[in-house]
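Heads up: the structure comes next, in structure tokens.
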Amino acid sequence: QDLQVQTISLTSGGAVRFETAGSAEIKGADFDLLWQVFPDALPGLVFTAGGAFLDTEYTDYKNGSGFDEVTGLFFDGTIFPNRDFTGNKIVRTPEFSGNLGLAYSFTLGDGTFEVASDLYHNSGSFYSAQNLKSSEEDAYELVNVRASYFYNPWGMRISAFGKNVNDAEYHYVISELDFGTARVLAPPATYGMKLQWEFQ
């Protein structure tokens, strides 16, 4: 009940505004799996999986603010009438999101070596309650990889990683504004190293 929704309009002051959707509903199911594939032959090999299925909608949102698809003009009931967003998808709620992962660790000298990779899938969602096509995030997948070595005597871990190695294009934020859409892209393929040292 009374879900808060935000809009931004330069013509109405340029500040973030909040309005209330009368009611909204989310139904769904999720799962998680952790599987030691070969517990006797390869005890360090672990497979993980998870996912969430969501069915979402604003069930009562009759006075929504937004932007006209043709003119780009802002409507909030002041000059131009509000619109009914009832039945639209709730923002940032993909119908399906899930992940798969595979990791293998083994003893090496006085430490532990681990390699791992994971895949994340997002079926896409809307960034505005108006569900404009320009505010829609398409489906995307992310692939991450990492390798690390933990040296027990020193309490030190050195890691190498790659994030979004498939260089998928997706967004942190998509904001509808007067006469346009602002898009903040998430980082492209990124690689690096990290050193962690625990001591007393």
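The values are calculated or read from the model by the stated rules, or taken from the named source; none is laboratory data. Since we're looking at a predicted model, the values are computed, not measured. In this analysis, Cβ positions are derived from the backbone assuming ideal geometry, glycine residues included, and neighbour counts consider all displayed protein chains. Protein only, heavy atoms only, side chains kept; ligands, DNA and RNA dropped before computing areas. Shrake-Rupley method; radii C 1.70, N 1.55, O 1.52, S 1.80 Å.
Those residues that are in contact (Cβ under 8 Å) with a residue 24 or more places away in the chain, out of contact with any helix residue (DSSP H, G or I) (no Cβ under 6 Å at 6 or more places or on another chain), closer than 27 Å to S125 by Cα and open to solvent by 50 Å² or more (accessible area, probe 1.4 Å), I need them from segment 178-200; list them, please.
Selection gives F179, P187, P188, T190.
In segment 18-59, what count of residues is obtained for those that are at pLDDT below 95, of a type in the set (D, E, K, R) and loosely packed, with under 15 Cβ neighbours inside 10 Å?
Going through segment 18-59 one residue at a time, the tally reaches 1.
If the requirement is being over 23 Å from N131 (Cβ atoms), among the hydroxyl-bearing types (S, T, Y) and in contact with a Gly (Cβ under 8 Å, 6 or more places away or on another chain), which of these qualifies: T48, T59? Break it down stepwise before answering.
Values: T59 fails: over 23 Å from N131 (Cβ atoms).
Sole residue among the options that is over 23 Å from N131 (Cβ atoms), among the hydroxyl-bearing types (S, T, Y) and in contact with a Gly (Cβ under 8 Å, 6 or more places away or on another chain): T48.
Mind checking which residues of segment 146-160 are open to solvent by 60 Å² or more (accessible area, probe 1.4 Å) and either within 10 Å of V115 (Cα to Cα) or among the aliphatic types (A, V, I, L, M) (or both)?
R146, I158
Sort out which residues of segment 157-188 are farther than 18 Å from D138 by Cα and either among the charged types (D, E, K, R) or not in a strand (DSSP E or B) (or both), and write them in order of number.
So in segment 157-188, the residues farther than 18 Å from D138 by Cα come out as 157-163, 165, 177-180.
Those that are farther than 18 Å from D138 by Cα and either among the charged types (D, E, K, R) or not in a strand (DSSP E or B) (or both): R157, K163, V165, D178, F179.
Take the residues in segment 66-85 that are surrounded by 13 or more Cβ atoms within 10 Å (Cβ to Cβ) and touching a residue at least 60 places away in the same chain (Cβ under 8 Å), then tell me which one is nearest to F47 (Cα to Cα).
Per the criteria, the residue is F85.
From the list N88, N99, which residue is surrounded by 15 or more Cβ atoms within 10 Å (Cβ to Cβ), within 30 Å of F38 (Cα to Cα) and of a type outside the set (A, V, I, L, M, F, W, C)? Don't jump to the end; show me each part of the working.
Working: N88 fails: within 30 Å of F38 (Cα to Cα).
Matching residue, one of N88, N99: N99.
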